[in-house]
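A short write-up of the structure that comes next.
The values are calculated or read from the model by the stated rules, or taken from the named source; none is laboratory data. Because the structure is predicted, anything quoted here is derived from the model rather than measured. As a convention, Cβ positions derive from the backbone with ideal geometry for all residues, glycine included, and neighbour counts pool all protein chains shown.
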Amino acid sequence: MLQQATETEAPTLVVSGVSHRFDDYLALDNVSLSVPRGAFVVLLGLNGAGKSTLFSLITRLYDNVSGVIRILGHDVRRRPTAALQRLGVVFQSRTLDQDLTLKQNLMYHAALHGIGRREAKQRCQEALERVGLADRQHEKVRNLSGGQARRVEIARSLLHRPGCLLLDEPTVGLDIGSRESVVSIVRKLVAEQDLGVLWATHLIDEIAPNDVIVVLHKGKVLFNGTVPEFLATTGSDNIRTGFRKITGTANGDSQ
């Protein structure tokens, strides 16, 4: 019971004092951030800022040798199974099997999580309904648009009912309509399921006024707070201008 109480009270994600090197290159320098329950936290940074490296540490693709990373109170180094069971991930690279149907992709993922076949069928149906693709569950993934494939990956990330979602540049390469659809689906999940979301992007127009922003630049966190706090700190009337000021870059993003 004590463990359940601790998990209930813990933020969905805590990263504290994490650094990471690739030989002589310092990719992350003492990075700290937190994702509360029911929060949409934007990890904002240009390409090469260290966003994907941080995600690789959180998901244990890399081992964090400094600092602490906890998912719903579970340390990813000391209790990796418990931590990762509570985490859903959508990576920047596409990871669906193009020659399988939507349902087959999801059923395979459910099996990896040890979900029984009957339960998996129900969860697949629910997840695909949530992203608006239940009517196409028997089609092969290769027939989908880029935005639809992203929605399937979001559905897949929900099958084991995680408390925290990580999405690494999930709208890269999508048209405006598809981008808006993907962002809207994830924001709805935050509101309806009390999920904590860490959304990595370099696109400033994906930020909403009530989001928390973590600005990551050249491996360092330059700002961590709300949008109004960011504007006040940078003395700017919009996020793009503020981002240029705080990072010393000419262009806030690619769009």
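Tell me, yes or no, whether the range 132-139 has at least one residue that is out of contact with any Leu (no Cβ under 9 Å at 6 or more places or on another chain) and either hydroxyl-bearing (Ser, Thr, Tyr) or over 20 Å from Ser52 (Cα atoms) (or both).
The answer is yes, given that some residue of the range 132-139 is out of contact with any Leu (no Cβ under 9 Å at 6 or more places or on another chain) and either hydroxyl-bearing (Ser, Thr, Tyr) or over 20 Å from Ser52 (Cα atoms) (or both).
Among the residues of the range 213-251 satisfying the criterion of being closer than 21 Å to Leu198 by Cβ and touching a Ser or Thr at 6+ places or on another chain (Cβ under 6 Å), which is surrounded by the fewest Cβ atoms within 10 Å (Cβ to Cβ)?
Within the range 213-251, the match that is surrounded by the fewest Cβ atoms within 10 Å (Cβ to Cβ) is Ile246.
Restricting attention to the range 121-158, which residues are over 19 Å from Leu174 (Cα atoms) and in contact with a Lys or Arg (Cβ under 6 Å, 6 or more places away or on another chain)?
Cys124, Gln137
Could you say which residue among Arg156, Arg136, Arg130, Arg151 is among the basic types (Lys, Arg), under 26 Å from Val76 (Cα atoms) and either surrounded by 13 or more Cβ atoms within 10 Å (Cβ to Cβ) or in the same structural domain as Val41 (by TED's automatic domain parsing) (or both)?
Values: Arg136 fails: under 26 Å from Val76 (Cα atoms); Arg130 fails: under 26 Å from Val76 (Cα atoms); Arg151 fails: under 26 Å from Val76 (Cα atoms).
Matching residue, one of Arg156, Arg136, Arg130, Arg151: Arg156.
Please indicate, with yes or no, whether at least one residue in the range 63-71 is among the hydroxyl-bearing types (Ser, Thr, Tyr) and within 22 Å of Gly163 (Cβ to Cβ).
Step one: list which residues in the range 63-71 are among the hydroxyl-bearing types (Ser, Thr, Tyr), which gives 66.
Narrowing further to those that are within 22 Å of Gly163 (Cβ to Cβ): none.
Looking for residues that are among the hydroxyl-bearing types (Ser, Thr, Tyr) and within 22 Å of Gly163 (Cβ to Cβ), one finds none in the range 63-71, hence no.
Quick one: how many residues across the range 187-205 are without any contact (Cβ under 8 Å) to a residue 60 or more places away in the chain and crowded, with 17+ Cβ neighbours inside 10 Å? If you could, list the steps in order and put the result at the bottom.
Within the range 187-205, the first condition is being without any contact (Cβ under 8 Å) to a residue 60 or more places away in the chain, and the residues that meet it are 188-189, 192-193, 203, 205.
So of that shortlist, the ones also crowded, with 17+ Cβ neighbours inside 10 Å come out as 189, 203.
Here the count works out to 2.
Looking only at helices (runs of 4 or more DSSP H) that lie completely in the range 145-255, which have at least 1 residues being under 15 Å from the mean Cα position of the chain (by Cα)? Spell out the reasoning first.
On the way: elements: 146-157, 176-193, 227-234, 239-247.
In the range 145-255, 146-157, 176-193 are the helices (runs of 4 or more DSSP H) which contain 1 or more residues that are under 15 Å from the mean Cα position of the chain (by Cα).
Checking the structure you have, find out if any residue of the range 159-181 is in contact (Cβ under 8 Å) with a residue 24 or more places away in the chain, of a type in the set (Lys, Arg), more than 18 Å from Pro11 (Cα to Cα) and surrounded by fewer than 18 Cβ atoms within 10 Å (Cβ to Cβ).
no
Here are some residues: Arg142, Arg70, Arg78. Which one is of a type in the set (D, E, K, R), touching a residue at least 24 places away in the same chain (Cβ under 8 Å) and closer than 26 Å to Ala200 by Cβ? Even if it seems obvious, please write down each step before you answer.
On the way: Arg142 fails: closer than 26 Å to Ala200 by Cβ; Arg78 fails: touching a residue at least 24 places away in the same chain (Cβ under 8 Å).
Result of the check over Arg142, Arg70, Arg78: Arg70.
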